[in-house]
Structure formats: structure tokens, C-alpha cells
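This report refers to the structure that appears directly beneath it.
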Amino acid sequence: MVLLPKIQNVTVEEAHLYYKDTALEDECGRELPALTVFSLSIRFMKDDLSKISGSRVDGLKEDHIHWVLTVPAVWNDSAKQFMRLAAEKAEISADKLSLALEPEAASVYCRHLHVQKDGESSLSTLKAGKTYLVLDAGGGTIDITIHQVCAGGNLKEIHRASGGDWGGTMVDEAFMDFLGMITDKKAVQRFKDESMEDYIELLRDFEIKKRALDNTKEGKVTIKIPVSLSDLAKDVTGMLLQDTLQKHVMENRHEIICEVTGNCNRGTTFSTNTMVGFLFLILSLEKCVLCEWPTYSDNTTEVLDKLLTNYRKEIRPGLGGKPLVIETDLMIRSIGQISESNMDYSFQCYFRQRWTDERLKFMIHNITEVTLNNLFLSLIWKPNTHFLNGQKSHQHNIPTPNLFVRIRNDGRVYMSRRLTVKAACPMRLGPYPMDKPVCPLVLGSYGYTTDDVLYMWKYGNNVSVELMKDVHLAQFDIIDVTTSNNTETTPFGEFSILKVYIYFERRIGFFILQIYLPCSMITCLSWVSFWINRDAAPARVLLGVTTILATAGIGMTVREGLPRVSYATALDTYLNVCIVYEMAAMIEYAAVNYFTKVLPLEGGADSDDEAEAGPQAGTPPDTKEQGVLHRTESHDNGSTEKPTISTQSAKTSFKLRTVDSCRKNRRRRRTRFGTMLLYCLTGDLKFRSALRGKGNAQAGNAVSDIDVWCRYVFPGTFLFFNISYWIAYLFIF
């Protein structure tokens, strides 16, 4: 704090020279002297300027002043932020402070400086399109940039500032290094630490000599060396400063000149003072002449900083003019699940958009296009494109956000994203599983109407959506991909939208192997009952019930992945027809069992079999007398004998049927099949009783004519149904 009384006489450059290697904060977060010194310097300059302005302008208040702090153009962001913090610490509010680059301030000043030299006009009279170089050789840095005069008198920077810390500060450092060579480095360091006032005074005197130096004239430059430095040099080296300086000049003056200029002229001699003057002059000029153009990365960083200085990302490019055209194209990388139950589908794509933003024009030597990462997108305007029929889409962020942006020197912006889109796909499942779903994708602006934004396919319709060759689906074939450009009218205005249609065709092989073929075979299995004797009720009933349950189970399994639509699909039709055929086989047996099984109340086929086995054995069983119902004989005159019950002894005899009688009975039953079917359908109990009264115990229940007819009717009609079914759904519907 000893320096505070004299801080008014310390310039910012001098304070920076002393505190340039000092951190802004210590480990505890407390501010260190560097920021304090700079803020105090700015505070004193601010107070002096306020007093001078207040004395010359009546009624001027501090709130009326907007402060502009100029900084070198080649400073990095940290250095600029340091100056802003120092100004705010000097009680200059942020809304009253602006940071300007020194070359820009110099160029603006020269534009309003009406001077004329050697017949040339001043900068204020330069025509639009004229370019000129601005060289700012400051105390700490040297800035070199190129400006251009634009229409209306505005200025534009067409080449970023180059240069470095090669100004007066570097010359000061070279001078101190020179003193360290002729004395001792330890002596100079002790001089900085122990005699700060003399050190600052020495630099100030040296600064005055630098400004008064004229390299076109010969002469001596006298530098006053403080006594404190002479005493420190004597303590370190044991020699007086004059003796040390004289010895060093006599031994090393040519070597020093050769090192600096690179051109040794041993016939030239310089006095000590002249050599020191040429030393800092050559050092400063050599750095300026040998400086290189900035690298690619430096140019890009500087250009982006310049582009976004007054950029407003909330305002679309070309506001107030023609609608902005957004050119779009897609590359579908893969297609995911197509869900019939949710009526949606998903796919992964590279979503690309292009537009022109005049505010992003730039000019860099040999650079026409710059590729940037996703962070730059958050700083510029971009289309608010959304998927109108999207449901749950997301952008890939593993391992980093999968997007990038590329800007061209004419303001053309190219943006690409990797997205997974899940969109609605309305399906008409009437022909399922022979259907051909068409899944759309609709995209457009969320808020901009056609007055502001127009969407167009980059390469025209039907070619702007690219499908990768390795895209394959297990259940579908991709038939075609088409696009269209439409305008949709809503109560809020007209909106430009783009549509993509993906045509699929379902593969039916799975359904044939897992549903159609098993159900057809189960249905055919139910017809085996027509060949089973009508007396075997358990076998025929079990077979019919089993086939119905098996088909119903397959149907319930298939419907698990389908929505509950209110109409029948093609698969529903086939399954229901199969169940109808199986139920018809069950109903047919019920009719046969009820109306054509005509044995009397006692006796039957089992007794008939035992009777036929008795005579073959040789000796009839010894049984009690029992009643036997004899076969009814039919005569040619049509008369019949009533059945009689005869009592026999232990030996029982039966009259066997002849072949002719069986054929006659079969022909008679066929002739009245229509009558029997009619009575069966009407459920006539009298007819059933009459048949039962005419039952023949010896013959039993022969094969029913209904079973015989169904052996041909069921397979024939089912075959006709299958032919009609596949023709209708594969070719007609």
C-alpha cells in the first residue's frame, strides 16, 4: 500500500509490467494487487475526465457519460475480461461501459480526421469498397488489420487483427535484459524488488527517449542510470557501473549488433548510447517485419468472435424481406419396429437442413468453409423444425451430441443431426396380414408461416430421401419411398410442410407357416368324425371339441399384437370360417346322433355282435329264456310282418341278413334321404319314433347317409372358400 500516494502517476502499462505475472486471486479467493492497481488507475483517469468534462459542459452528470475502454485487438478473452472487471471495480457500471478494439477506434477516429497530405485525400473521402491497412503500434502490443469502407460510410474488418506483444513493453524488457548483461541479472532483479520508485522512474525516462528517437538522424541517446542500480551492481560484481559498461562495450559491441541485425559489419563502430537506441528500435521493427500471418485456428476463432459480436439469434435471417428457404434432405439409416397395436413406426436417420444467413459471412485467406461442433448451434438462429406426426423422437448424444454445423464464407449454413424418430402410422388392417401399410412422416416449422419460412426438398421430390442399401426388416419389404411439398392452411395462417411416404409390404410366409397351415389342418382333422361310427359318441365329441379349442387358441394368440379394431381382418375371417366348419361337424354329428340312430329302446349293436359270435362258437351258452326281437321281413307286395317275441330254451338261434336284403335297404334309404333330412331339420319327433319302431336289432345302426354326404360337401366347400379367399385378398382387395 506504499504505492497508493503515487498511484496517480502510474500508467496502466507500467502497472501491467509490474503485476503481469501475478494471479487475480489467491487460494482463498481474495483479490491480489494486479486487479487493484488496474482499477485504481482507471478510477483516477475516470475522476479526472469527469472533472474536465463537468467544467466544460454545464449540467453534465456522471449518468450521462458512456465510457469506452479500448484494448488491443490481439488480446485474448481473459485479458479483455480482466480489463472489464477492473473498470467495474472502478465503479463504472456494466451498462455504461463498452470495450472497443484499438484498431477499430483508431480507424473511426481517422475517418473523421480531415487532413490532406501529398495530394491524397483523407480517410473520410474514401469511396465504398476501398480497403486500407491499420497499424497500431502501442505501448504493449502491435495490431495490424485491414478495414474496408462500406456503403453509407460504415467500416468493415475484412482481415482479423494480427500482431503480438511486440510494442514498447517488449522494448523495455530488451532494455532491462541489456542492463542485466552489462551489470548482472541478480543486480537488476534486486533493483526491481528493492527500489521500485527508481525502477519506474527509469522506465519513464526510457519511454520518453523512445518516443523522441529518430532513426533517420545520427546522435547520442543519453540514459540516466539511478544511483541505486549502480550501488547494487557494485555490491554484486565488485566493480563500478562505469567500468563494467565500458568493458562490456569494448568486448561485445560487434557481437551484439550481429545478434540483433543478422548482418555483421565489423568496420562500423557505435557509441554506447547510440547502440542502445538502435537496440530497442531494431528489436521492435524486427518483430513487426518478421511476424507471420495467423494460423487457421486463430483465424477461425477470431472470425467467429467477430461474427457473433452483434448477432441476435432470436431474429431469423432476412427478417422483413423474402421468406427464408430451408432446403432439407434425409438419409434413413435403419428402420425399427412397426407396431400394429400402437399404429406407429420408428427409424433412424441423418436429418440435414441448409439455409443462408447473411450475418454469418466472413473472409479468411484460403478458407471458404468452416466445420464446427454443436456448441456453435446454441449461438445462432436455426429453424424450429418439428415432426407433425412425431410421438417420441430424440437426438443421439452418446458419446457426444451427434450433430454438427458447417458455415460457408457467403453465409450458407449446413446443419446435420442424427435422430431416431417415432411417428404415427395409421393402418387399415382389413387385409391383414396381406396388407401394404403406408407410413408417413410430416415435418414443418412450429411457428413460422409461409411469409417467413419455406421448406423445400434439396434435390426435388422423390430423390431427397435416401434409403441405405443395408436396411432390411424381418416382417416387411420396403416397396418405395416418395416425398411431396405441400402448404397446409390453418386458422393461424399457411404453413409450408414436407411429407415422406414409406411404402411397406408385409411378408406372409410367417403367417402361412404358423397360422393358416395349422388351422387348415385342424379343420380337416375335424372331418375325420364323418368316418367314425355314429355309435362312438365319445370319440366324435372329443374330436370336435379338441379341434375347436385348438383353432380358438391360435386365434387368441394372433390377436395379442393387434389393436381392438371394430372390423374383421382377413386373418379373423379365415379363423372364424375354420371354427364354423369345425362347429358344423359337431352339429352334424348331433343331428346324426339324434335323428338317425334308430335302434329300439332295448338291444343294439353290442347284442348283435354277440349274437353273430354265438353260432360260430359251436355251442350256444346255457342261459335262461329271453325275448328276442326278430328281423322284419319285407315282401314284394309291400306287406310286413310285425315283430314277435318268442320264448326259446337255452339254445338261441338268429336269422342272418342276406346281401340282397342289405342292398335293398340301402337303396330305399337313399331314395328318401331328402325326406329324412327335412324331418331332421324340422325336428319331427313322430318321424324319430317311427324310425325307432322300425329298428333292426340284427343290423344295428349302419353308416348314416348324412355322414356320407358330408364327406364330400365339407372338403369341397372348404376348398372353394380357400380359392376365393386368396384370390380376393391377394389380387382384388
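General remarks:
- Scan of segment 428-451 for residues that are open to solvent by less than 30 Å² (accessible area, probe 1.4 Å) and among the hydrophobic types (A, V, I, L, M, F, W, C), ordered by number: Leu429, Met434, Cys439, Leu441, Val442, Leu443
- Of the residues in segment 452-471, not one is among the small types (Gly, Ala, Ser), at pLDDT below 95 and open to solvent by 60 Å² or more (accessible area, probe 1.4 Å).
- Scan segment 389-411 for residues that are part of a strand (DSSP E or B), open to solvent by 40 Å² or more (accessible area, probe 1.4 Å) and over 30 Å from Pro440 (Cα atoms) and the total you get is 1.
- Hey, Val442 over 30 Å from Ile508 (Cα atoms) and aliphatic (A, V, I, L, M) or not: no
- Residue ID - modelled with the lowest pLDDT, chosen from residues in segment 99-118 that are of a type in the set (D, E, K, R) and part of a helix (DSSP H, G or I): Arg111
- Ser228 vs. criteria among the polar types (S, T, N, Q) and either part of a helix (DSSP H, G or I) or more than 30 Å from Thr309 (Cβ to Cβ) (or both): yes
- Count - residues of segment 469-486 that are assigned to a strand (DSSP E or B) and over 24 Å from Ser339 (Cβ atoms): 3
- Scan of segment 339-385 for residues that are under 16 Å from the mean Cα position of the chain (by Cα) and part of a helix (DSSP H, G or I), ordered by number: Asn374, Leu375, Leu377, Ser378
- Within segment 119-135, the set of residues being at pLDDT below 75 and surrounded by 12 or more Cβ atoms within 10 Å (Cβ to Cβ) comprises Ser121, Ser122, Leu123, Ser124, Thr125, Leu126.
- Test result for Gly544, of a type in the set (Gly, Ala, Ser), closer than 20 Å to Glu340 by Cα, out of contact with any Phe, Trp or Tyr (no Cβ under 6 Å at 6 or more places or on another chain) and part of a helix (DSSP H, G or I): no
- Restricting attention to segment 155-191 and to residues that are surrounded by 15 or more Cβ atoms within 10 Å (Cβ to Cβ) and basic (Lys, Arg), the residue that is nearest to the chain's Cα centre (by Cα) turns out to be Arg160.
- Count - residues of segment 502-529 that are among the small types (Gly, Ala, Ser) and over 51 Å from the mean Cα position of the chain (by Cα): 2
- When residues of segment 557-576 are limited to those that are buried (at least 18 other Cβ atoms within 10 Å of the Cβ) and modelled with pLDDT of 90 or more, the one farthest from Ile515 (Cα to Cα): Thr569
- Only one of Ile554, Ile532, Ile587 that is surrounded by fewer than 20 Cβ atoms within 10 Å (Cβ to Cβ) and under 53 Å from the mean Cα position of the chain (by Cα): Ile554
- Scan of segment 363-388 for residues that are within 16 Å of Tyr455 (Cα to Cα) and loosely packed, with under 13 Cβ neighbours inside 10 Å, ordered by number: Asn384
- The condition (being polar (S, T, N, Q), buried (at least 16 other Cβ atoms within 10 Å of the Cβ) and out of contact with any Leu (no Cβ under 9 Å at 6 or more places or on another chain)) is satisfied by just one residue among Thr523, Thr483, Thr490: Thr523.
- Among the residues of segment 506-520, those that are of a type outside the set (Val, Ile, Thr) and exposed (fewer than 15 other Cβ atoms within 10 Å of the Cβ) comprise Arg507, Gly509, Phe510, Leu513, Gln514, Leu517.
The values are calculated or read from the model by the stated rules, or taken from the named source; none is laboratory data. Owing to the predicted nature of the structure, the values given are computational and were not obtained by experimental measurement. All Cβ positions, even for glycine, are placed from backbone atoms using ideal geometry, and neighbour counts span all protein chains on display. In case anyone asks, the SASA skips ligands and DNA or RNA and just uses the protein heavy atoms, side chains included. Shrake-Rupley method; radii C 1.70, N 1.55, O 1.52, S 1.80 Å.
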